[in-house]
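Please read the structure below before turning to the comments.
Here, each number is a calculation from the coordinates, and none is a lab measurement. The structure presented is a predicted model; accordingly, all values stated were derived computationally and were not measured. Every residue, glycine as well, gets a Cβ built from its backbone with ideal geometry; the counts of neighbours run over all protein chains shown.
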Amino acid sequence: MAYVVTDACTKDFVCVAECTTAAIAPTADDAKAGTVSQVYINPDECIDCGTCVSVCAQNAIYAEDELPADKAHFAEANKAYFN
Ligand code: SF4
């Protein structure tokens, strides 16, 4: 399992800075930062610590198995960003 960022993300990059495994991208200084509408979590790097959830003011991040039905497709979107 991994955590998943959804479209409620406003790209404040707070979670990116707090993630100890650098699982969230792009970073604020990445050239891609201006081209995406949200940040994404790499499921292969996420260790399910939950820190990103606790720092997200928008409540945009869910455990994959707790995603609302209308946001279930974001699990694949997060994974796809890193492929
Ligand atoms: S749950 Fe932890 S490891 Fe996974 S993306 Fe969030 S802060 Fe990073």
Rounded Å value of the spacing that divides the Cα centres of the range 27-42 and the range 50-83: 15 Å
Positive minus negative residues near PRO26 (Lys, Arg vs Asp, Glu; Cβ under 11 Å): 0
No Cys partner within the rule (Cβ under 4.7 Å), the chain: CYS9, CYS19, CYS46, CYS49, CYS56
Qualifying GluC sites (Glu not before Pro) in the range 1-66, DSSP loop, other Cβ atoms within 10 Å at most 14: GLU45
Whole-number percent relative contact order across the chain, with pairs defined as alpha carbons under 8 Å at least 6 apart: 43 percent
Within the chain, helix-based [θ] at 222 nm, where runs of 4 or more DSSP H residues each add -39,500 (n - 2.57), nearest 500: -5000 deg cm²/dmol
Selected from VAL4, ALA17, PRO43, residue furthest toward positive end of dipole (the chain; charges at beta carbon): ALA17
Diffusion constant of the range 3-81 at 4 °C, which comes from Stokes-Einstein with the Kirkwood Cα-pair radius and 1.567 mPa s, µm²/s: 106 µm²/s
Unit charges on C-beta of K, R, D, E only; dipole of the range 3-81, Debye: 220 debye
